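The block underneath contains the structure these notes are about, expressed in structure tokens.
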Amino acid sequence: MALSEDSAVGDLRVGDLLSASTLPTLEARALLAHQLGVARERLVMRPEQRVAPADMHGFAQLVERRKRGEPLAYLLGEKEFYGRMFAVSPTVLIPRPETELLVETVLTLGLPDDAHVLDLGTGSGCIGITLALERAAWRIVATDTSQQAIGVARGNAEKWEAHNVTFRDGSWFSAVPDQRFDLIVSNPPYVAVGDPHLAALPFEPMSALVAEGNGLACVQMIIEGAPSHLVPGGFLALEHGHDQADAVRDLFATHGWCDVRTEADLAGIERVTLAHTRVV
């Protein structure tokens, strides 16, 4: 084991390594625990334990990558979402806490017990897999244009034994040309080209972040195309940018959707807009 009371002379103790890193304590502890393959609590309980040279070197590399701005989630290879840990890689967006609002919103819609749900642009799979686990009788189809993203999502589905999720590769509705759903849900790219916030996100896939048309091109395409892939009265729920709610509501209204409404997150920011098709 990497942590050993009998390590060679010159090895550093856990507490010394954490202090020397100059990273915030929680981040340093997470990286050292990851390098050693132990629970973070073990480092808290046994700061006097020594670390072998190879692990000291590996930890130092992780620390330097973090100092260069690489997201902690990519270094650890995982991120928590809705109380579960999801594997992530630089091929997918890191799940955000605000996206949990999208999940919470659609879980309250009163859909059929055996609802058929489409998750467009699944990335890590955190949305579709979470819905599958929270509603075991729902049938989820998750799509993405990236084969690498689909691979990450499949791995997460296998880890959590989400057997009611299937994956399709393809661009938006082309992946499900002849299917209709009770619900379509998506966290599409919605950051405008040239948005200054992108400078803080150099490690995440730009194709999953950025859209033309002031960030609304993908949102508009989904709103326009979704009715032909929904049953009568079926819902579409979209996450969008903090300043896009008015524009997204206008797009829904322009294309004849019913009961358009927006949900705000705990900070009062409008994050999710949804509506349903007409009931025949």
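The values are calculated or read from the model by the stated rules, or taken from the named source; none is laboratory data. The structure displayed is predicted, hence computed values, not measured ones. Neighbour counts are summed over all protein chains in view; Cβ atoms, including those assigned to glycine, are modelled from backbone coordinates with ideal geometry.
The listed residues are Leu274, Leu201, Leu236, and the only one of them that is touching a strand residue (DSSP E or B) at 6+ places or on another chain (Cβ under 9 Å) and free of Cβ contacts under 8 Å to residues at least 12 places away in the same chain turns out to be Leu201.
Going through segment 74-117 one residue at a time, which ones are more than 10 Å from the chain's Cα centre (by Cα), outside any loop (DSSP other than H, G, I, E, B) and among the polar types (S, T, N, Q)? Residue satisfying the conditions is Thr105 alone.
Checked against the criterion of being assigned to a loop (DSSP other than H, G, I, E, B), crowded, with 20+ Cβ neighbours inside 10 Å, touching a residue at least 24 places away in the same chain (Cβ under 8 Å) and in the same structural domain as Thr262 (by TED's automatic domain parsing), segment 137-145 has at least one qualifying residue. Listed here are the strands (runs of 3 or more DSSP E) enclosed by segment 165-280 that have at least 2 residues being over 21 Å from the mean Cα position of the chain (by Cα): 181-186, 230-239, 258-264, 270-276. Anything in segment 193-206 that is surrounded by fewer than 19 Cβ atoms within 10 Å (Cβ to Cβ) and within 25 Å of Leu118 (Cα to Cα)? List them, or say none. Correct list: Pro205, Met206.
The set of residues in segment 118-142 being under 11 Å from the mean Cα position of the chain (by Cα) and among the β-branched types (Val, Ile, Thr) consists of Thr122, Ile127, Ile129, Thr130. The single residue among Ala162, Ala157, Ala149 that is out of contact with any helix residue (DSSP H, G or I) (no Cβ under 6 Å at 6 or more places or on another chain), in the same structural domain as Pro232 (by TED's automatic domain parsing) and either modelled with pLDDT of 95 or more or assigned to a helix (DSSP H, G or I) (or both) turns out to be Ala149. Inclusion of Leu209 among residues that are at negative phi, surrounded by 19 or more Cβ atoms within 10 Å (Cβ to Cβ) and out of contact with any Cys (no Cβ under 7 Å at 6 or more places or on another chain) is not warranted.
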